[in-house]
Amino acid sequence: MSTIQNTTTQSNIQSNIQTQTKTKAKIETNTRSSVQDSVTKKTDELPQQAEVRFLLFDNFSKYEISKIIAYVKSLVPKNEHRHLVFAKKTEHSQEMVLKDLINDVKEDHFYLLNNPPKKQS
């Protein structure tokens, strides 16, 4: 009798794992689809110079940040990449008021767009 119960328990566990995996895949697909829909709607309108899409990172590894940036850029048409602004929290920035931080980063962003650093030979 205990062999039958163990087999039934194992079968139930496997079934639960499969259900959870399918649910997670559906959530990831729906989330990705929602993000893409949102980006597609917004990319129909070209942002003004002062309008940017701002993403602030905190507690992400360099690897994670590079993957997230690549993914976000894949969702946005290449001609709009200049409107994407990415920043990572620093000791200085964590003390700033959020709107001041965003304005400061945007200022730096537009300065660098208009004055790109010279490539070293």
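Among the residues here, GLU51 qualifies as part of a loop (DSSP other than H, G, I, E, B), in contact (Cβ under 8 Å) with a residue 12 or more places away in the chain and of a type outside the set (Ser, Thr, Tyr).
So, ASP100, is that one at pLDDT 60 or above, in a helix (DSSP H, G or I) and not basic (Lys, Arg) or not? Reasoning before the result, please.
On the way: at pLDDT 60 or above: yes; in a helix (DSSP H, G or I): yes; not basic (Lys, Arg): yes.
Judged against the criteria, ASP100 is a match.
When each of ASP44, ASP58 is tested for being modelled with pLDDT of 90 or more and either under 21 Å from GLU107 (Cα atoms) or loosely packed, with under 10 Cβ neighbours inside 10 Å (or both), the lone residue that passes is ASP58. Taken over region 64-97, the residue count meeting the criterion of being free of Cβ contacts under 8 Å to residues at least 40 places away in the same chain and in a helix (DSSP H, G or I) is 20.
The values are calculated or read from the model by the stated rules, or taken from the named source; none is laboratory data. What you see is a predicted model, and the numbers here were worked out from it, not measured in a lab. No Cβ is skipped: glycine too gets one built from the backbone with ideal geometry, and neighbour counts run over all protein chains shown.
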